[in-house]
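The values are calculated or read from the model by the stated rules, or taken from the named source; none is laboratory data. What you see is a predicted model, and the numbers here were worked out from it, not measured in a lab. Positions of Cβ are backbone-derived with ideal geometry, glycine not excepted, and every protein chain shown enters the neighbour counts.
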């Protein structure tokens, strides 16, 4: 009897250690990508239009993205792990006139969101964002954004952009905090906007492994060239 109890106790200890090791690997095993910032060494060129006035389109490549940042909570929220997922399947246009951004539309395919865990991505795709049913996220500017007068090539501009966000089939107002820079041939834009999941009909995931904070942020890192 005593031997059986020792074996049972040993098995429980091993199980706890394995579970703790799994949680430690899951929470601390990967480095979370930094928040989007303007590139530190973007070349400023005399090429391109003489002013940023005109129509611009987003350049699609793997370095530009739309995504989310949110916290996973473990052990009754004692441990917190910041999760980032991104998609480069993005299209966008903006129009600048008279030192104002007058129109802007950015559309992302959320079915191609990827993070550092395939299992997480599958769960988010099927149960939270339901991106097979609602693949599209779209920000539409609803108020002009004023730019410095005069605007200078290479000058960092910090502004807020107010618009609507289509997410999970629901449209709600949202405000992005943006940093932008006109480099001559390109306009770089990075930014974030706070998101409350239930405002978009999204139930925060709650699984046996972790639950998800009900608030997070949407992020973008884009580059535009003349249309």
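Numbers at a glance
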| quantity | calculated |
| --- | --- |
| Members of the stretch 194-211 that are under 22 Å from residue 139 (Cβ atoms) and assigned to a strand (DSSP E or B) | 194, 195, 196 |
| The stretch 115-145: number of residues that are at pLDDT 95 or above, in contact with a helix residue (DSSP H, G or I) (Cβ under 9 Å, 6 or more places away or on another chain) and exposed (fewer than 15 other Cβ atoms within 10 Å of the Cβ) | 1 |
| Qualifying residue in the stretch 84-100 (condition: at pLDDT 95 or above and farther than 20 Å from residue 188 by Cβ) | yes |
| Selection count where residues are more than 20 Å from residue 110 (Cα to Cα) and buried (at least 19 other Cβ atoms within 10 Å of the Cβ), scope the stretch 189-220 | 1 |
| Residue 137 vs. criteria within 25 Å of residue 203 (Cβ to Cβ) and without any contact (Cβ under 8 Å) to a residue 12 or more places away in the chain | no |
| Options 170, 105; residue that is at pLDDT 95 or above, out of contact with any strand residue (DSSP E or B) (no Cβ under 6 Å at 6 or more places or on another chain) and over 28 Å from residue 31 (Cα atoms) | 170 |
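Here's the yes/no breakdown for (1) more than 18 Å from the chain's Cα centre (by Cα); (2) more than 23 Å from residue 39 (Cα to Cα); (3) not assigned by TED's automatic domain parsing to the domain that holds residue 60:
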| position | (1), (2), (3) |
| --- | --- |
| 86 | no, no, no |
| 109 | no, yes, no |
| 115 | no, no, no |
| 130 | no, yes, no |
| 135 | no, yes, no |
| 151 | yes, no, no |
| 172 | no, yes, no |
| 178 | no, no, no |
| 189 | no, no, no |
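Residues are listed down the side, and each one gets a yes or a no for (1) at pLDDT 50 or above; (2) touching a helix residue (DSSP H, G or I) at 6+ places or on another chain (Cβ under 9 Å); (3) surrounded by 13 or more Cβ atoms within 10 Å (Cβ to Cβ); (4) assigned by TED's automatic domain parsing to the domain that holds residue 90:
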| site | (1), (2), (3), (4) |
| --- | --- |
| 14 | no, no, no, no |
| 17 | no, no, no, no |
| 21 | no, no, no, no |
| 25 | no, no, no, no |
| 44 | yes, no, yes, no |
| 73 | yes, no, yes, yes |
